[in-house]
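Here the structure comes first, spelled out in structure tokens, and everything after it is commentary.
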Amino acid sequence: MYCAKCGAQISEADQYCPKCGKENINYVKPAAKRAARVFDSKKQPIKEPEKNAGEVNNDSTEQTISNKARKKSLALPAGCIAAVLAVVLFFAIGRGKPSTADNSRISYPQNELQAFVGAEDGTVYFVHGTEVRSFDGKAVQGKATPDRSKFLVRYEDGKLNMYGDPETEPVLVSDDVEALLYATDRGCFYSGKGNKGLYYYDFESKECINTGVGTSDYMFSSSKTSVIGVEKEMVRSFTIGETSAKELFNEETADNAENICCIADDGSNLIWATKEGNIFNVYMMKNNVPERIGKIKNAEEYSYIFGQFYNDDKSFVVYSNGSAQMILGNNGEIKELTLPCVKRAGGFCNTKGEYLRSDQDFIEEPYFMTAKTNSAKNGTMYRLLKDGTVKPEVDGINLESSWSGTSAYYIRAGIIYYLDQNNDLRNKKLGEENESVLMTTDVRAFVIPENGKYAYIIKSGGLYAMDLSEGSFSLNPIWNSIGEEDTFYVTDRDDTIYFITGVTEIKDSYRTKGKLYKYTIGGEAEQIAGNVLGLITNGQKNYSADHPIIKQYVSNEKYDYVVNIGTCVEGEYKELVSKVKD
């Protein structure tokens, strides 16, 4: 894997990038035992310890469920928290009649495709479905654009080539590249090796532009169309389509560059903060001049400042860990608010359970979770209504049931499914004065795919499926022995999952391997392959039911792993690439 900031190669064992110091959101702490895991069709990555950062890892959509109870505070994705708190600022708590319409708009753009690099010869491989495209040479990194029309390969000697159709010659982007950062359909960002700096290469003009935003302290907007950073005590921004950076202001507090919390996709504005004790002074540009727009008080001692633009860049929210104070901007109006009796709030989603994650997302009547304290074990779900009220929907949701990062609840077609304080699985129709319905008791973990037809449940040491459309809530056994190390993956089809069982530890490492099975509703679990480390997504929103990307263990030397990359074709394992670096 590669560092999300500088592109340097790192492993799961690196908590921080050894090159630039960026925290690795995929960091896995070595341990003798690892808990049972469930991988959902969406990922809401959370930086630890409780940073709630807004970055999304494009390489994987995994979420983890442990079957060992852990005390956890409400921790939700930064984008979700931001949007929820932003809307809260305009509403007073009360009662109201909900609207039945849901005109939410959630964007799930296809992401760049990551390459696999051969462990022996440096050949780079791009895997998409069952198709593989390769490029020879001593490669160290590769990315394909989201539309899969261009393939960018960085080589050991610092050259970055762009490949198009197989019959066309490659284009030399630069011969002085330290890391390839992001690839969009319009161009790519990379850092210079000898000529230090952040550069943008435009595919149409074939021009390399020095963005002028510095070499390390920079931040991208959610769509990677704008970037802002500090260079020589000057704050600069660059937006795709421009030919040079814009100088914004001379940053007297340049040491606080890490407190730049967000930038609009169109580059129209940014938000940053300085910290004095447990108080953040929050700033933004107004009439081309830095202006303080508010303060966030009582933030946790080691907290960070976060921000999120949303509603097509017309709104934003700023918040911090542990503080109930938020700052909102909406169509030019800026307000401060302290939420009463709330220590944490987040999980902003629509009636389909889709979470806010992009500047382009729009949600008119959202649902969100609150907790009264950091250590609260139970939470309450609210809905923010168009008439300016907040309606409590469900109380007593077991926040500890969000085992190791997965959701404590799922909303599907206006129905919430959740575990209560006794770990009993219940459901309740939102927007109505109805009682919750008991579905089954003593559930260790559960997940419901996007379409909401089936639930997959771990209880009594086994894995079960439940058809939610039947109403009887009967459990259908899939596998009768799910251990602490076993894993299952929800796919892009509600009726199909994969799971790994018979897990053994890999000697001299912190990882495990096992037998991979595929299960489809109405059938039997069928073994696909052995010695499997896991499944991954690659540039896609979900795990593929038909052609998942399978990592099969070959060898390792401490944290350096060699794997084969394969897939499933008509119920059988098919190897696509052999011996690549993991």
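The numbers here are math on the coordinates, done by the rules we state, and not lab data. Since the structure is predicted, the reported quantities are computational estimates derived from the model, not experimental observations. Glycine gets a Cβ as well: all are built from the backbone with ideal geometry, and neighbour counts include every protein chain shown.
Counting neighbouring Cβ atoms within 10 Å and putting the fewest first, the residues T380, T215 line up as T215, T380. Available extension along the chain between E364 and K232 is 43.3 nm, counting 0.36 nm per residue and deducting the alpha carbon span. By other beta-carbon atoms within 10 Å, ranking V213, V437 with the fewest at the front produces V437, V213.
Beta bridges from DSSP with both residues in segment 238-370: antiparallel share about 95 percent, rounded to the nearest 5. Proximity of backbone amide H atoms, modeled 1.01 Å from N, is registered between G197 and G192 at under 5 Å, excluding neighbours fewer than 5 places apart on the same chain. Remark: spin-label model distance E167-K579 equals 3.5 nm, labels positioned 7 Å along the Cα→Cβ axis. Could you sort out which of K150/K558; K196/K246; K143/K224; K143/K232; K143/K581 sit more than 24 Å apart by Cα distance in this structure? Pairs exceeding the cut-off: K150/K558; K143/K232.
Protection proxy ranking of 319-327, 555-563, by the mean of other Cβ atoms within 10 Å over each peptide's residues and highest first, is 319-327, 555-563. Could you list the residues of segment 470-502 with an amide nitrogen less than 15 Å from a label point located 7 Å from the Cα of E526 in the Cα-to-C-beta direction? Counting backbone N atoms under 15 Å from the label point, the list is 496-499. Looking at the square roots a ≥ b ≥ c of the eigenvalues of the Cα gyration tensor of segment 314-381, which shape do they give, rounded for a/c under 1.5, prolate if a/b is larger than b/c, or oblate? In terms of gyration-tensor shape, oblate. Karplus-based coupling profile of segment 127-133, in residue order and whole Hz: 10, 9, x, 9, 8, 10, 10, with θ = phi - 60° in 6.51 cos²θ - 1.76 cosθ + 1.60 and x standing for Gly or Pro. Annotation: amide H of G431 has no partner in the under-5 Å range at sequence separation 5 or more or interchain, hydrogens built in the peptide plane. Cα-Cα over 18 Å: which of K428/K453; K295/K372; K275/K372; K295/K391; K297/K335; K352/K428? Violating the 18 Å limit, Cα to Cα: K295/K372; K275/K372; K295/K391.
If the segment from K297 to D424 were pulled out straight at 0.36 nm per residue, it would be longer than the present Cα-Cα gap by 41.9 nm. Full extension of the segment from T373 to F473, taken as 0.36 nm per residue of separation minus the current Cα-Cα distance, would add 32.6 nm.
Converting phi to 3J(HN,Hα) with the Karplus coefficients 6.51, -1.76 and 1.60 and the offset θ = phi - 60°, segment 472-480 yields 8, 6, 6, 9, 10, x, 9, 8, 8 Hz in sequence order, with x at every glycine or proline.
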